[in-house]
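Engineer: I'd like to ask you about the structure that follows.
The values are calculated or read from the model by the stated rules, or taken from the named source; none is laboratory data. Quick caveat: nothing in here was measured; it's all calculated off a predicted structure. Here the Cβ is made from the backbone with ideal geometry for all residues, glycine too, and neighbour counts use every protein chain on show. Accessible surface areas use protein heavy atoms only, side chains included; no ligands, DNA or RNA. Shrake-Rupley method; radii C 1.70, N 1.55, O 1.52, S 1.80 Å.
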Amino acid sequence: MELCIDFGGSEIKLGVLDRGEPVRTAAVPVGEGDLEAAAAAAAALIAAAPAAPDAAGIAVPGVVDRAAGRLVKAHDKQPRLGGLDLVAWADAAFGLPAVIENDARAALLGEISAGSAAGARDAVLMTLGTGIGTAAVMDGVLLRGAHDHAGILGGHLTVDLDAPLCNCGNVGCAESIAGAWAIRRDLAERGDAVADVKEMLAAAEAGDAVATTLRDRALRAWGATAVSLCHAYDPDVVVLSGGIMRAGAAVAGPVEAYVREHLWTSSHRPSFTIPDRPDLSVLRGLSVLAAGNHPRRSARVNR
Ligand SMILES: [Zn+2]
């Protein structure tokens, strides 16, 4: 059994899983005292589980230093976790050895292990939410790179050289245009009555001009990001996940159409998939990592 904790932007999801299969799950909102609340919720899960977990997996929404067990950089997300030794925290709180991973990487591992892209050896994931998270697996190996930055910064590929500076330091990143935080900013600046992505999509569907402009821009930014991921990693499968994908085909359809229109002419046209249980992707991936039982385990995975 594995204790898995996903420190999301708005919610901390927890689960006790058995090699990728959820046994019990819980969630606590992000806010004051949430680390303590997460520890208490995890203790309750462990107490209720049929067997004690023997390892822990922790995901964070940013760049991780896996060796040091720390979140290195997430900009505005989870600022209190920055620099905190989460491996030491898990040891002190639960007495468990822990692995730490970027949330998008964990989600992709969850989807290729047991989810919507089960068995895929070449896949990319794009998670659309507060930010834009990405990850890639090539030849069955989850990409991490020399310094743990590979594959996960797809939301910070430039899609508009004339757009403002992103909080990461780069110019015109997709996330700075089409992350939920950027869309909320743009809706507020334009004084529109709608306040978030869900309302923007509904208002655009109803013909609202401002909402339509912002929606179409966001769809192009998500589509351009997916094209760049395909150009970079040559996947068979593109997994679309995250809270914004609750909109389903209203987002997936235009993104897929954009990719088919703009992808390098001879490139393989990948299949697109949306997880049935996106809330479990990260926890499943963490469970696999923590158990060290990834079916295509290699020297570059699970260390
Ligand atoms: Zn950026």
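Engineer: So, with a 1.4 angstrom probe, what is the percent of accessible area on segment 116-273 that is carbon and sulfur?
Structural biologist: Its accessible area is 53 percent carbon and sulfur atoms.
Engineer: Hey, another quick one. Using per-residue counts of other Cβ atoms within 10 Å, averaged over each peptide, order 213-221, 44-52 from highest down.
Structural biologist: Put in order of decreasing packing, that is 213-221, 44-52.
Engineer: Let me ask something additional. If you wrap a convex hull around the alpha carbons of segment 116-273, what volume per residue comes out, as a whole number of Å³?
Structural biologist: So the per-residue hull volume is 112 Å³.
Engineer: What order do you get for 142-149, 236-243, 112-119 when each peptide is scored by the mean count of other beta carbon atoms within 10 Å, highest first?
Structural biologist: Highest-to-lowest ranking by the protection proxy: 236-243, 112-119, 142-149.
Engineer: Put +1 on the Cβ of every Lys and Arg and -1 on every Asp and Glu Cβ in the chain; which of Ala202, Ser271, Leu35 then has its Cα farthest towards the positive end of the dipole?
Structural biologist: Of the listed residues, the answer is Ser271.
Engineer: I would also like to ask the following. Might you report the magnitude of the Cβ-based charge dipole of segment 174-303 about its Cα centre, with Lys and Arg at +1 and Asp and Glu at -1, to the nearest 20 debye?
Structural biologist: The dipole of segment 174-303 has a size of about 680 debye.
Engineer: If you don't mind, another one. Taking segment 175-225, how much of its Cα-Cα pair set, in percent, is spaced more than 14 angstrom apart?
Structural biologist: It works out to 42 percent of all Cα pairs.
Engineer: With point charges of +1 on the Cβ of Lys and Arg and -1 on the Cβ of Asp and Glu, referenced to the Cα centre of the chain, which listed residue (Ala136, Ile58, Ala180) lies farthest in the positive direction of the dipole?
Structural biologist: Going by the charge dipole, the pick is Ala136.
Engineer: Grab the beta carbon distance between Leu84 and Leu263, set R0 = 35 Å, and tell me the FRET efficiency rounded to 0.05.
Structural biologist: Computed FRET efficiency for Leu84 and Leu263 comes out at 0.30.
Engineer: Roughly how large, in nm² to one decimal, is the mean projection of the convex hull of the alpha-carbon atoms in segment 1-44?
Structural biologist: Dividing the Cα hull surface by four gives the mean projection, 2.8 nm².
Engineer: Assuming R0 = 30 Å, can you tell me the calculated FRET efficiency for the pair Val141 and Glu205, based on Cβ-Cβ distance, to the nearest 0.05?
Structural biologist: 0.15
Engineer: Using a 1.4 angstrom probe with every protein chain in place, what is the largest-first accessible-area order of Met1, Met138?
Structural biologist: From most exposed to least exposed: Met138, Met1.
Engineer: Follow-up. Quote the relative contact order of the chain in percent (integer), defining contacts as alpha-carbon pairs under 8 Å separated by 6+ residues.
Structural biologist: 21 percent
Engineer: Same structure again: In percent, how large is the relative contact order of segment 116-273, given Cα pairs closer than 8 Å and 6 or more residues apart?
Structural biologist: Once normalised by length, the contact order is 26 percent.
Engineer: With N set to the residue count of the chain, report its C-alpha Rg divided by 2.2 N^0.38 Å to two decimal places.
Structural biologist: Compactness ratio reported: 0.97.
Engineer: For segment 17-73 and segment 158-232, what is the separation of their Cα centres, given in Å?
Structural biologist: 31 Å
Engineer: How much length is gained on full extension from Ala249 to Asp162, taking 0.36 nm per residue of separation minus their Cα-Cα distance?
Structural biologist: Stretched out fully, the Ala249 to Asp162 stretch lengthens by 28.4 nm.
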